[in-house]
1. Of these, A231, A204, which one is out of contact with any helix residue (DSSP H, G or I) (no Cβ under 9 Å at 6 or more places or on another chain), within 25 Å of C17 (Cα to Cα) and either small (G, A, S) or assigned to a strand (DSSP E or B) (or both)?
2. Please specify each residue of the stretch 79-93 satisfying the condition of being farther than 11 Å from V201 by Cβ and among the charged types (D, E, K, R).
3. Can you give me the ranges of the strands (runs of 3 or more DSSP E) entirely in the stretch 1-79 with at least 1 residues that are touching a helix residue (DSSP H, G or I) at 6+ places or on another chain (Cβ under 8 Å) and within 17 Å of R193 (Cβ to Cβ)?
4. Counting only residues that are among the aromatic types (F, W, Y) and more than 17 Å from the chain's Cα centre (by Cα), how many does the stretch 216-274 have?
5. Give all pairs with beta carbons closer than 6 Å in which a residue from the stretch 54-80 that is at pLDDT 95 or above meets a residue that is outside any helix (DSSP H, G or I) and of a type in the set (K, R); count only pairs at least 6 apart in sequence or on separate chains.
6. Is at least one residue of the stretch 214-227 in a loop (DSSP other than H, G, I, E, B), farther than 26 Å from L7 by Cβ, of a type outside the set (S, T, Y) and modelled with pLDDT of 95 or more?
7. Determine whether E84 is farther than 30 Å from V237 by Cα, of a type outside the set (A, V, I, L, M), touching a Pro at 6+ places or on another chain (Cβ under 8 Å) and not assigned by TED's automatic domain parsing to the domain that holds G196.
8. Condition test on R198, is it charged (D, E, K, R) and either more than 21 Å from F254 (Cα to Cα) or modelled with pLDDT under 95 (or both)?
Amino acid sequence: MARDPELAKFLSKIEACRTAILPGARHKFYLGNAHAGYVRPEFAEILRATSSDITLTDRLTLASPAAGDLNAIAAAAGAKIRHEDFDVRETWHGPVLAVLDRGALPSFGVIGVGVHLNGYVSRPDGPHLWVAKRAANKKLDPGKLDNLVAGGVPAGFSPFETLIKEASEEAALPPALAARAQQVGRFSYNMERPEGLRRDVIFAYDLELPEYFCPTPTDGEVETFELWPAAQVLECVREDQKFKFNVNLVLIDFFLRHGLLADPGGILRAALDS
């Protein structure tokens with residue numbers, strides 16, 4: 001059956017986040033007996049040379065997380081280091097196996113967990129969404145449009161704790177107000193990116209904000225905030241590539257839940273939840 005051309009535009013944004021085929025040409029990466037990620041063959045060879053605790057057969061194995069500092073191994077192998085540790089897990093909800101610098105996650109194909117917040121204001125003409133513009137000096141996706149708040153979950157933090165922290169740091173959103181946010185979804189994808197393999201899990205939140213609140217850029221991550229009618233946001237997602245790739249997933253979900261986007265047959269919902 002031919003796709004509805006308008007729905008196809010939204011569906012293409014979802015499919016753009018699901019470009020990786022695993023394992024594909026990559027080796028599975030193990031920490032002891034736990035499958036932690038995926039590495040390209042050339043990177044696996046470099047890693048094997050960095051530590052006697054690493055073996056390479058049909059998989060790359062670090063004998064145990066305690067056998068070596070994973071960050072030291074990553075740095076020795078030339079992976080990017082951003083000095084921000086993330087927990088390494090076999091699944092997003094599994095036990096912590098080790099920590100790894102955020103910049104090295106794509107090289108190792110390790111799961112990265114993030115949070116995104118839809119901050120919206122209810123008005124007679126429908127909801128209005130706060131839209132952030134990412135700073136021009138951001139390492140990834142500079143100048144792209146973003147949710148009101150978004151960020152990776154650092155080692156030792158829960159998604160909700162991260163949301164409260166990022167809300168204050170990025171948008172001067174008071175903790176008491178940010179704490180009213182409600183988790184509304186969780187999305188995962190495997191994506192080929194210039195920086196490597198992104199295996200991301202996003203926790204999405206909604207927060208209805210009062211008219212008087214105006215976010216303020218505080219940590220240099222965001223250049224500006226603007227309040228857009230949700231219909232304008234929807235048109236931008238549908239017609240342009242201005243929003244950061246994973247923000248599209250969170251916004252399409254918002255449009256569906258708030259009755260702003262028809263989804264005959266549940267095609268978009270099924271794609272989001274797959």
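1. It is A231.
2. Answer for the stretch 79-93, where residues must be farther than 11 Å from V201 by Cβ and among the charged types (D, E, K, R): K80, R82, E84, D85, D87, E90.
3. Ranges flagged: 34-39.
4. Qualifying residue count for the region: 3.
5. Cβ pairs passing all conditions: R59/K28.
6. So far as the stretch 214-227 goes, yes, one or more of its residues are in a loop (DSSP other than H, G, I, E, B), farther than 26 Å from L7 by Cβ, of a type outside the set (S, T, Y) and modelled with pLDDT of 95 or more.
7. Criteria met by E84.
8. The answer is yes for R198.
The values are calculated or read from the model by the stated rules, or taken from the named source; none is laboratory data. Just so you know, these numbers come straight off a predicted model, no measurement behind them. Note that each Cβ is placed from the backbone with ideal geometry, even for glycine, and that neighbours are counted across all protein chains shown.
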